[in-house]
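Colleague: Right, I'll just put the structure down here and ask away after.
Please treat every number below as a calculation from the coordinates, not as lab data. Worth saying up front: this structure is predicted, and the values here are computed from it rather than measured. Ideal geometry is used to build each Cβ from the backbone, glycine not excepted, and the neighbour counts take in all protein chains shown.
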């Protein structure tokens with residue numbers, strides 16, 4: 001099932017990097033979870049996802065594509081954030097920066113629906 005990312009007041013700037021409504025989503029299938037935010041795409045095997053839960057995104061964390069130690073943020077708005085924990089670090093590339101992510105934060109229109117879908121896909 002496809003889950004739309006929440007994009008807020010900064011949406012016009014996100015579009016410059018491909019962060020359009022059509023290219024900002026998370027797809028959940030029984031086998032793979034695909035995170036798509038503009039030019040970013042990561043396909044994580046469903047078996048490598050440990051957990052997903054509501055989370056807070058810090059004000060200073062900013063909006064857009066974010067990288068931290070072991071963390072990727074796909075944040076179109078500071079509301080409705082979900083943290084997806086991975087069993088093992090996954091190699092992804094964020095705007096050309098290689099990252100070994102163990103935690104992916106994503107802003108979603110309907111976070112509870114995404115969490116329920118992710119839990120039922122097992």
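Colleague: Rounded to whole Å, give me the distance from the Cα center of the stretch 101-122 to that of the stretch 83-98.
Modeller: Answer, in whole Å: 15.
Colleague: I would also like to ask the following. Between residue 120 and residue 39, what length comes free when the chain is fully extended (0.36 nm per residue of separation minus the Cα-Cα distance, one decimal in nm)?
Modeller: Extra length available between residue 120 and residue 39 comes to 26.3 nm.
Colleague: Test of understanding: what is the full-extension gain from residue 56 to residue 31, defined as 0.36 nm times their sequence separation minus their Cα-Cα distance?
Modeller: Extending this stretch completely gives an extra 6.2 nm.
Colleague: Among 117, 31, which comes first, then next, by fewest other beta-carbon atoms within 10 Å?
Modeller: Listed from fewest to most nearby Cβ atoms, that is 31, 117.
Colleague: Continuing with this model, one more query. Take each of the peptides 82-89, 43-50, average the number of other beta-carbon atoms within 10 Å over its residues, and list them starting from the highest.
Modeller: In decreasing order of mean packing, 82-89, 43-50 become 82-89, 43-50.
Colleague: Further, regarding this structure: Which order do the peptides 72-79, 20-27, 53-60 take when ranked by the mean count of other beta-carbon atoms within 10 Å per residue, highest first?
Modeller: In decreasing order of mean packing, 72-79, 20-27, 53-60 become 72-79, 20-27, 53-60.
Colleague: May I pose another question? Count the DSSP beta bridges whose two residues both fall in the chain, then state the antiparallel fraction as a percent rounded to the nearest 5.
Modeller: 90 percent
Colleague: While we're on this one: Computed FRET efficiency, Cβ-Cβ of residue 46 and residue 16, R0 22 Å: what is it to the nearest 0.05?
Modeller: Efficiency computed from Cβ-Cβ geometry: 0.10.
Colleague: How big is the Kirkwood radius of the stretch 53-115, worked out from every pair of different alpha carbons and given in Å to one decimal?
Modeller: Mean inverse Cα-Cα distance, inverted, gives 11.8 Å.
Colleague: Taking the C-alpha atoms of the chain, how large are the radius of gyration and the largest Cα-Cα span, Dmax, in Å?
Modeller: Rg, Dmax (Cα atoms, Å): 12.9, 36.
Colleague: Give, in nm to one decimal, the length gained when the segment between residue 91 and residue 112 is fully stretched (0.36 nm per residue of separation minus the Cα-Cα distance).
Modeller: Taking residue 91 through residue 112 to full extension adds about 4.9 nm, to one decimal.
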